[in-house]
Structure formats: C-alpha cells, structure tokens
Amino acid sequence: MLEVGGLHVSYGRAQVLFGVDLSAPSGSLVCLMGRNGVGKTTLLKAVTGVLAPRSGTVRFDGRDVTRMRTHERVRRGLGYVPQGHETFPQLTVAENLQVAREAAPGARRSATDDALDLFPALGALMKRRAGFLSGGQQQQLAIARALVTEPRMLLLDEPTEGIQPSIVQQIEEAIGRLHASGLTILLVEQYLDLALRLADRFVILDAGEVVRSGDAEQLRDESVRALLAV
Amino acid sequence: MGALNQLVIGASIGAVLLLAALGLTFTFGQMGVINMAHGEFIMAGAYTAYVLQPLAGGQAVLAALPVAFVVAGLLGLVLERVLIRRFYGRPLDTLLLTFGVSLILQQLARDIFGAPNVQVRAPGWLTGGVDLGGLRIPYNRIFILVLAVGCVVGISWYLARLKQGRRMRAVMQNRQLAAVSGVATERVDQLTFFVGSGLAGLAGVALTLIGPVGPTLGSAYIVDAFLVVVAGGLGQLRGAVIAAFTLGVLNSFVEFWTANGASFAKVVVFAVVIGFLQVRPQGMFVLRSRALS
C-alpha cells in the first residue's frame, strides 16, 4: 500500500532523514518507533506531502505520489492525523467532519456515521466548537475527521500522547477495530506496550535512519528495547 | 434634534466605512494579507459604474453592483496569483508590494479616465429623501445603509451555511490541517481573495452616490478601512460592524461639536482607536479557544 524509498528530508540546512526506507503492505499495522527528535513526524509529513523530500520516492497504492500535492494524496485515500489532537477550533464538531467529507469527492455520507460509531462520545458534542473540547475529545475528533474521507490508509502521529488513560484505551480499541476491518495503518507510538498489542510490524528510527525493522514478535527483544530507552 | 441628526449622519458614514472594510475582513482578517491596493479596487468599482453609465443611463449604479464585484474580484484574483502568493508569510514585503501596485493602479486610472474627477448620476428614485419630523434622510444614504446591511447578511450566510464558506474558515483556522483533510488550500485562497476584492468593488459603486469619482478615491478610505478591521478584531464580522458604526458616529459628532470639523474629527477618531488598542490590542472580538490559548 505504502512504499517509501531512500527518503532524504531536511529543514533548510538541517537534514533530518537520511535515506529512510519503509513499506506498509495492504492491511498491515506498522508501528513507527524511536526516541524524540529522530524524525518520525518528519517522515509522516513527507509521506503526506506537507514537507517536500530532498530526494527519494513515496509510492502509495502502486503510484508515485512524491510530487503530488497533499490534498490530492488525501483524496486518493491517504488519511493523516497529525500530532497534538489538531482540529479547526472555531468550527463545531459537525462542521469539522463536514469540511473533511465535502473535500473528499467519493466519500459516502454514511462514513460520518461509521466514524461516530467508533467514537460514540462525539455524537453528543456535534454542536460544540472543537476548540472547547478536552484534549481527548479533540483527539477522537481528529481521528474521526480523517476517517470520514474514507481513507484506504491511515497515518496516526502519537494519537495517545498527553491523553487521559480512559480515552487512551478507547483510542486503542478504535485503532484495533480499524485494523481488523482491513485498513492499512502506520502508527507513530512511544508506548512499547501499546505497540506490542497492536502492531504487525515495526520500524525503529534513530538519528534519521532506520536502525531496525521486523515483525512485532521481534519487538520483545532486549536489544530492540535498548534502542527505545531514553 | 441636532444629536439625532448627527446620529443619522454617523450611521451613514459608518455604512460607508463598513462597506470599505468588509472586503478587508476577508483578505486581511482571514488571510493576514495587508493589501494596500484594496483602496484601488474600491476605485475600480466606482469607475465601473462610470463606464456603465452610457449603457445603463440612470440605472448605472444598480447595473454596476454585480459587474463591479466581478471586475474588482478579478483584479484581486490576478494580484493574488501573480504577486501576493509569492509573499505569503512576509507581511512587510506584501505591504510595500501592494502599495506599489496601488500607485500603479492610480496612474492607470489617470491614463484611462483622466486626472479630473468624473460624476456618476444617481438613479432618479434615489434623489430626495424621507422627512422624519424635520429630520431629512436622503434616499442615497438609506441605499448605502441597506447595501451595507445586505452585504453583512450575505457574508454571514456564506461563511456559516455554504460549503465554500465553511472551507474558507477551516483553512484560515488551520491551514495545514485543512490540506491534510483534502481541502485544496490554494483554491480557497483564490476564492477568498476574489470575494474580498469583489466587496471592495461594491463599496466603490456605493461611493459614487455620495461624491465624485477620481483616481485617488480609494486611498482616502484605505486607512479608515484598516482601522475598522483592526479595532473590530481580525476576521470578526460583528467586530467590524460595531467598529465601523462607532467610528462613524464618533466622527459625525466631533465634526458637529468642533469648529474645525473634519480634520479634528480624524484626530479624535485616531486617538480613540489608539487608546482602545492599548487596552485591547487584539480588537473588540477575538478567536478564543483552548487550542489557541
């Protein structure tokens, strides 16, 4: 579904990614891990086109999308939930979802119902402005917003960061359900336990390079843990 | 009676200010672009009415409303596409750039229409006025007020109910998130600029009702228009409405009470706005939410 090859990304003169390769087969849940500042978010931004890579390729669904604009990638089925439970703060919850659905030409109206089915708590908040929701509610909205475009692949950047435990559990369950329904997922996650429960495969970045990747089982390896310890 | 009279005059000045400033709530308030050429879009709208006069005769003002919207809107669109989009995130450069464009447009108007002012005849049904117990309100002032109110209602409806308006608000609140939600943000920028500039065109048509049309028509209003937007709070429609009418009424009262009317009124208005912004630098209304705090 997603294949990243030899990706180099830099912010001005500061290079962050040094030839990253990553692949997420259809239906898999790949967990992207690593310490702070190793380039996980940068990698997701390059995949969605928010950042332009210096070199390398991004192939999505068998097609080279390296030069394609962000909104076109999204319309082709690449959903992205950025870090930090981002919403349109002055729009209501309903409008947040509406904007995303209207931008996706093929998305069915029922996609919104499916997303609300996953996060029932949002149903009661539809008329509230997103900026006034709690962090956890905003994160649920952020994921729902990506889902109403009916993506074929979902990129999640630390969806549980700074969220209260009860909602972390709901989000984990939601990710599990989405994975079970066949959605391809690339998840950036700091919690090893959560990654162990959800992931099929993992990729560990360090200093802008892939230092380890493999099946979820190998995550239990001590040497892998050492790469994640601060 | 004197006070009531000044109130009516003030409301009418406020309506003109509001019309001039409405477009800026889009281009400056929503997008953060300081477009000094906005005044020249007003001027272009006024000349549109003048150009249509031989065709539409006495009804030139009515005929000009939609045409001026499109003319000024297209001017804005071209400016955005050709120049301003290369300068997003560089407000000072944008200011200088658009100031230059405004001078070019003024000269262009002089070359085409000549330096002397021209006149647009008001339609017959706008001459005269209503008498309210000794107080006379000219029809053309009422027309401007109705036009301003109509524009505000139209814009509110557009922003709140239409798909395009919703999209515009989304892009202005979180550009990157809009892009990753599948919104073509550049398209939205173009539309925002088109609508904002088009509204300047409408203001220009309205101005032909209260005075002659000349190449510097717009530059007389540009500073006041920015004042309204800043005092009202960026991108806040109701703030702009309140600010425009407050400044209009203030202006008319100071003019009435002081000997050296017009210029002193300017001084007072500026002093009040500066004082107000010391207390509330963010303007009357602000976007407030947990996410933004």
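Determine the dipole magnitude for the protein assembly as shown: charges of +1 sit on the beta-carbon of Lys and Arg, -1 on that of Asp and Glu, nothing else is charged, the reference point is the Cα centre, and the result goes in debye to the nearest 20.
Dipole size: approximately 900 debye.
Working from the Cα coordinates of the stretch B:1-150, the gyration tensor eigenvalues give, after taking √(5λ), semi-axes of 32, 20, 13 Å in decreasing order.
Amide H contacts of B:N35: none lie under 5 Å away among residues 5 or more positions distant or on a separate chain (H built 1.01 Å from N in the peptide plane; Pro and chain starts excluded).
Axis of helix A:165-180 versus longest Cα principal axis of chain A: the two differ by about 80°, to the nearest ten degrees. Give me the Debye-computed log₁₀ of I(q)/I(0) at q = 0.15, 0.17, 0.21 Å⁻¹ for the stretch A:75-230, equal point scatterers on Cα only, no solvent, two decimals. Values, matching the q order: -0.79, -0.98, -1.35.
Counting only protein heavy atoms and a 1.4 Å probe, the stretch B:2-279 has 42 square angstrom of accessible area per residue. Where only DSSP H runs of four or more residues are counted, chain B gives -24000 deg cm²/dmol as its mean residue ellipticity at 222 nm, each run worth -39500 (n - 2.57).
Residues whose amide H falls under 5 Å from that of A:D206, counting only those 5 or more places apart or on a different chain, are A:V211, with hydrogens built in the peptide plane. Top mean-square fluctuation among A:A124, A:A46, A:A207, Gaussian network model of chain A, C-alpha springs under 10 Å? Per the Cα network of chain A with a 10 Å cutoff, A:A124 tops the list.
Positive end of the dipole of the stretch B:2-279 (Cβ unit charges, origin at the Cα centre): among B:V241, B:T216, B:I112, the Cα lying farthest that way belongs to B:V241. Spin-label pair A:L196-B:Y139: with each label point 7 Å from Cα along the Cα-Cβ axis, the two points sit 8.4 nm from one another. Projected label points at A:D21 and B:N5, each 7 Å from Cα along the beta carbon direction, are separated by 8.7 nanometres.
With respect to chain B, whose longest principal axis is taken over its alpha-carbon atoms, helix B:237-257 is tilted by about 30°. Phi angles across the stretch B:187-195 convert, under the Karplus curve 6.51 cos²θ - 1.76 cosθ + 1.60 with θ = phi - 60°, into 3J(HN,Hα) values of 4, 5, 4, 4, 5, 4, 5, 4, 5 Hz, Gly and Pro given as x. Computed from phi, the 3J(HN,Hα) profile of the stretch A:37-50 under the Karplus parametrisation 6.51, -1.76, 1.60 (θ = phi - 60°) reads x, 8, x, 5, 5, 4, 4, 4, 5, 6, 5, 8, x, 5 Hz, with x in place of Gly and Pro.
Dimensions of the protein assembly as shown along the principal axes, based on C-alpha atoms and rounded to the nearest Å, stand at 91, 46, 42, largest first. Applying 1/(1 + (r/R0)^6) with r as the Cβ-Cβ distance of A:A121 and B:A56 and R0 = 51 angstrom yields a FRET efficiency of 0.30. When the accessible area of the stretch A:121-228 is split by element with a 1.4 Å probe, what percent falls to carbon and sulfur? Whole-percent figure for carbon plus sulfur exposure: 47. Note on the protein assembly as shown: antiparallel DSSP beta bridges, both residues inside, total approximately 60 percent of the bridges counted. Interface of A with B. Using a 1.4 Å probe and counting protein heavy atoms only, the two chains hide about 2400 Å² of accessible surface, both sides summed.
Computed over the Cα atoms of chain B, pair by distinct pair, the Kirkwood hydrodynamic radius stands at 19.6 angstrom.
Only protein atoms count toward the accessible area here, which uses a 1.4 Å probe; on the stretch A:1-98, the carbon and sulfur part of that area reaches 44 percent.
Rounded to the nearest 20 debye, the dipole magnitude of the stretch B:174-293 is 420 debye, with +1 charges on Lys and Arg beta carbons, -1 on Asp and Glu beta carbons, and the Cα centre as origin. Amide H contacts under 5 Å for A:L155: A:G79, A:Y80, A:V81, A:L186, restricted to partners 5 or more places along the chain or on a different chain, H placed in the peptide plane at 1.01 Å from N.
Each helix, a run of at least 4 DSSP H residues, gives -39500 (n - 2.57); summed and divided by the residues of chain A, these come to -10000 deg cm²/dmol at 222 nm.
Considering only B:L202, A:A104, B:F143, and ranking their Cα positions along the charge dipole of the protein assembly as shown that arises from unit charges at the beta-carbon of Lys, Arg, Asp and Glu, the one farthest toward the positive end is B:F143. Run through the stretch A:36-95 and list the trypsin sites (Lys or Arg not before Pro) located in a DSSP loop whose Cβ has at most 11 other Cβ atoms within 10 Å. Hits after loop and neighbour filter: A:R67.
For the stretch B:2-279, a simple Cβ point-charge model (Lys and Arg +1, Asp and Glu -1, everything else neutral) yields a dipole of about 700 debye relative to the Cα centre.
Protein heavy-atom accessible surface, 1.4 Å probe, per residue over the stretch A:1-125: 40 Å². Of the accessible area of the stretch B:174-272, computed with a 1.4 Å probe over protein heavy atoms only, carbon and sulfur atoms account for 67 percent. Applying 0.36 nm per residue to the separation of A:R177 and A:A226 and subtracting their alpha-carbon distance, the gain on full extension is 14.6 nm. Along the stretch A:106-119 the Karplus relation, 6.51 cos²θ - 1.76 cosθ + 1.60 evaluated at θ = phi - 60°, assigns HN-Hα couplings of x, 5, 7, 4, 5, 4, 5, 4, 4, 5, 6, 5, 6, 10 Hz to successive residues, with x for each Gly and Pro. Which one, B:F41, B:P123, B:G58, is farthest towards the positive end of the dipole of the stretch B:1-134 when Lys and Arg carry +1 and Asp and Glu -1 on their Cβ? Ranked along the dipole, the leading option is B:F41.
The values are calculated or read from the model by the stated rules, or taken from the named source; none is laboratory data. Just so we're clear, the structure is a prediction, and the values are computed from it rather than from any experiment. In this analysis, Cβ positions are derived from the backbone assuming ideal geometry, glycine residues included, and neighbour counts consider all displayed protein chains. All accessible areas refer to the heavy atoms of the entire protein, side chains included, with ligands and DNA or RNA removed. Shrake-Rupley method; radii C 1.70, N 1.55, O 1.52, S 1.80 Å.
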